[in-house]
Amino acid sequence: MRFIKFFFIIVALCFLQSCSKTSLYQSKHYVFGTIVDISIYGESDKKAEEATQAVLHEFTRLHHSLHAWKRSDLTSLNEAIAKNKPYINPSAELTEILKEAKILEDASNHLFNPAIGELIDYWGFHQDEFTPIHPDKSKIKVLVERKPSLDQLSISGSSISSANAHVKIDLGGYAKGYALDQAKKILHERQIKNALINIGGNIIAIGQHGNKPWRVGIQDPRGSQAIAKLDLPDGWAIGTSGDYQRYFINDGIRYCHLIHPFTGFPIQNVYSVTVLIEPAKNAGTLSDVLSKPLFIGKKEDREALAKKLNIHHYLIIEENRISMTQTMADKIQFLDMHSQKKNHLEITH
Amino acid sequence: MTRSIIKIKTTLLDHQIAKLSAIAIGLSLIESVLPSPMPGVKPGIANIITLYAMYRFNFKTALWVSILRVFATSLILGQFLSPTFMLSLTGSMLSLLTLYFAIKLPSQFFSPIGLSVLSSFAHIGGQLLLVRLWLIPHASIYYLIPIYSVAALLFGFINGWITYRLLKHHNSI
Amino acid sequence: MKLPIKSFLGDSLIILISLIFIVFAFKTFWHFETGSVVQVNFQGKTYGNFSLFQDKKISLIGKEGESMIEIKAGRARFAHAPCKNQYCVQQGWIHRTGQMLICIPNEVSIEILGKTKAYDSLNY
């Protein structure tokens, strides 16, 4: 009889034990103009919270420093350029960023071009909400022919000036990735060994989710669900450019925010491009930047361009067609059998 | 034509086995009509006979009793060669195997109670393995382990205690 | 076996180990969260995963006959089974992660899968 009582006490105790805390600290915030999702694994709540706050603080700082159209260091720079005046005493960070961005612009054959702010503004994407416009071909031609480029910048520690007053810098395709790299640095400093940071869809992984890697889903560009998932190992980053986040539809035609610098028009018929970047000091930045040239560039040039930019793993979704590299195909797992069936799957090299 | 009479010589052992098996089969049948809270959770009272046979006589007797019980019960219930039969057989065989080794444990410290608990864990272990490996391969049987373990401990203890009392009564222990 | 039993030390040891194992088994294998998907397995393969948040009846014809699975109000059950014992039907509704109902004769089983997401974060 004593035994039975003892037995039931043990059983009761274990039921209580089951309500233990998980060691995943997750938080969502609206910062940097977008939704930021931070997951930290294996740390005390206190440490995780402090680290999260530090990262958010940094994001807010970057947001204020690099905003493309609201009052910021960047807009001050753009104003100076527009007036043909030098921008005095730029922050070390800004000069670094611009130098890096310039290298990437050249490497991408100018398909990634942060200097086309005037075009982006014309199409209405320099607002939080955009209204459809009727494109004026002649006006666009004028803007295109101004050929703004970061190459026209003279960058030094004491000033930045531009040979072309029509250079208007928009770091929209760079800043989120850069912020990821910054966040990684901050978390390392705070000895956070396992975290996953998602800024507006751009993700970088630190460590693992317990005893398995962090896992990310890839959005279906025409649906609200994830179309595929893959593991993101330590240090890897993933970024997607898509026509489904910032766009408007006019007369049945979709105009997204990814504009071809040579034509002045938004790209059509590409739904999304996802790039997977191997660990590197600027993995985050690359994951943001490198999806753009593949999205904007011509289909037949993609392979060569990817090779030039050292992009080994990418996935492109177009209407009824999903193409990806073999290495990407090996890594991803489609979640939706239906999409696999109705799309022509193509594996390039 | 001369009438041929086939005489089967029965030994005392045969009689013992027959008697015990009959009781075991009877217990099995009674148990089959009792409601159980969950499939697979059974008091397994026929195991008392198996264990008793092991202590009172020897392992060979227990083996025979067990096999006869499983086969006869399933034939009577019309479950011969069904998954239920397979489960019963697997559980019993693994249970017996465990007893074969467990009986060698020093009996100053280990009574039928402990052996019964061991054999009932072996019994459910064998059944869960059969389910996982053959009957329903993809099933996540882990969910069942806690409940089955509780049943194994509880009924193993009770059956073992009953066996112990029976053996004591017969001064066999 | 006519040796006297001096003490029940060995038995107690066995029982103690069993208890420890049981506690471990509960902690490891039992989840108390409500699941969101029920996986239906038929004849050794996964027939499909269905959301628990819908009203649905799934009919499977196995070698014993028709098994009818019903999903309603976040729970699932065997509404009808062709087997003799009707164990699976008698168990009633399940809704917690890891809970499972099996109909061995007809080779049908249903299991509640957890709310564990397919991925930690979404790239978009």
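Laboratory data are not the source of any read-out in this text; all were calculated from the coordinates shown. Keep in mind the model is a prediction, meaning the values are calculated, not measured. In this analysis, Cβ positions are derived from the backbone assuming ideal geometry, glycine residues included, and neighbour counts consider all displayed protein chains.
Taken as entire DSSP H runs, the helices of chain B that both span 20 Å or more between Cα atoms along their own long axis and average -1.0 or more on the Kyte-Doolittle scale are B:12-33, B:59-77, B:83-102, B:112-130, B:145-169. Other residues lying with their Cβ under 11 Å from the Cβ of A:GLN268 contribute a combined charge of -2, Lys and Arg counting +1, Asp and Glu -1. For the residues of B:153-163, the average number of beta carbons from a partner chain within 10 Å of their own beta carbon is 2. Among the residues of C:99-111, the average count of other protein chain beta-carbon atoms within 10 Å of the residue beta-carbon is 4. Of the Cα atoms belonging to segment A:69-162, the radius of gyration and Dmax stand at 14.2, 42 Å.
Loop-located GluC sites (Glu not before Pro) across segment A:80-167 with a Cβ neighbour count of 10 or fewer within 10 Å are A:GLU129, with loop assigned by DSSP. Normalised by 2.2 N^0.38 Å, with N the number of residues, the alpha-carbon radius of gyration of segment A:213-349 equals 1.02.
Rounded, prolate or oblate for segment A:40-81? Axes are the square roots of the Cα gyration tensor eigenvalues, ordered a ≥ b ≥ c, and the cut-off for rounded is a/c under 1.5.
Because a/c hits 1.5 or more and a/b exceeds b/c, segment A:40-81 counts as prolate.
In chain C, the longest principal axis of the Cα atoms and the axis of helix C:9-29 are about 20 degrees apart. Helical content alone sets the calculated 222 nm signal of chain C at -6500 deg cm²/dmol, taking -39,500 (n - 2.57) per DSSP H segment of four or more residues and averaging over every residue.
Measuring how big segment A:125-178 is from its alpha-carbon positions, Rg and Dmax come out at 14.5, 42 Å. Dividing the alpha-carbon radius of gyration of segment B:1-122 by the rule-of-thumb value 2.2 N^0.38 Å gives 1.19. Summarising the amide proton neighbourhood of A:ASN202: residues at separation of 5 or more, or on other chains, whose placed amide H is nearer than 5 Å comprise C:TYR124.
Of all alpha-carbon pairs in the protein assembly as shown, indicate the percentage at a distance above 48 angstrom. Result: 40 percent of Cα pairs exceed 48 Å. Peptide A:239-252 is shielded by partner chain Cβ atoms: per residue, an average of 1 of them sit within 10 Å of its Cβ. With the alpha-carbon atoms of segment C:9-124 aligned to their principal axes, the span from lowest to highest coordinate is 54, 51, 25 Å, starting with the largest. Ordering B:SER95, A:SER23, A:SER72 by the number of other Cβ atoms within 10 Å of each residue's own Cβ, fewest first, gives A:SER23, A:SER72, B:SER95. Relative to the longest principal axis of the Cα atoms of chain A, the long axis of helix A:175-189 makes an angle of roughly 40 degrees. Residues in segment A:98-107 carry Karplus couplings, in order, of 5, 5, 4, 5, 5, 4, 5, 4, 5, 4 Hz; the curve used is 6.51 cos²θ - 1.76 cosθ + 1.60 with θ = phi - 60°, and Gly or Pro positions show x.
Using only Cα atoms and rounding to the nearest 10 degrees, what angle (0 to 90) does helix A:45-66 make with the longest principal axis of chain A? The angle comes out at about 10 degrees.
Panel order for B:ILE147, A:ILE38, by other beta carbons found within 10 Å of each beta carbon, from fewest to most: B:ILE147, A:ILE38.
Segment A:251-326 and segment B:57-74 have Cα centres separated by 72 Å. Highest mean first, the peptides B:53-61, A:281-289, A:78-86 sorted by other C-beta atoms within 10 Å per residue fall in the order A:281-289, B:53-61, A:78-86. Listed from fewest to most Cβ neighbours within 10 Å, the set A:HIS312, A:HIS134, A:HIS257, A:HIS67 follows the order A:HIS134, A:HIS312, A:HIS67, A:HIS257.
Considering every alpha-carbon pair of chain A, the percent of pairs per 20 Å bin, from zero through the bin containing the longest distance, is 28, 54, 14, 4, 1.
Using a cut-off of 25 Å between Cα atoms, the listed pairs B:LYS104/C:LYS27; A:LYS331/C:LYS56; A:LYS28/A:LYS229; A:LYS47/A:LYS184; A:LYS83/A:LYS298 include B:LYS104/C:LYS27; A:LYS331/C:LYS56; A:LYS83/A:LYS298 as exceeding that distance.
Does segment A:113-154 classify as rounded, prolate or oblate by the C-alpha gyration tensor (a ≥ b ≥ c root eigenvalues; a/c under 1.5 gives rounded; else a/b over b/c gives prolate, otherwise oblate)? It comes out oblate by the Cα gyration axes.
With a threshold of 20 Å on the Cα-Cα distance, the over-threshold entries among A:LYS141/A:LYS292; A:LYS141/A:LYS168; B:LYS7/B:LYS60; A:LYS99/A:LYS292 are A:LYS141/A:LYS292; B:LYS7/B:LYS60.
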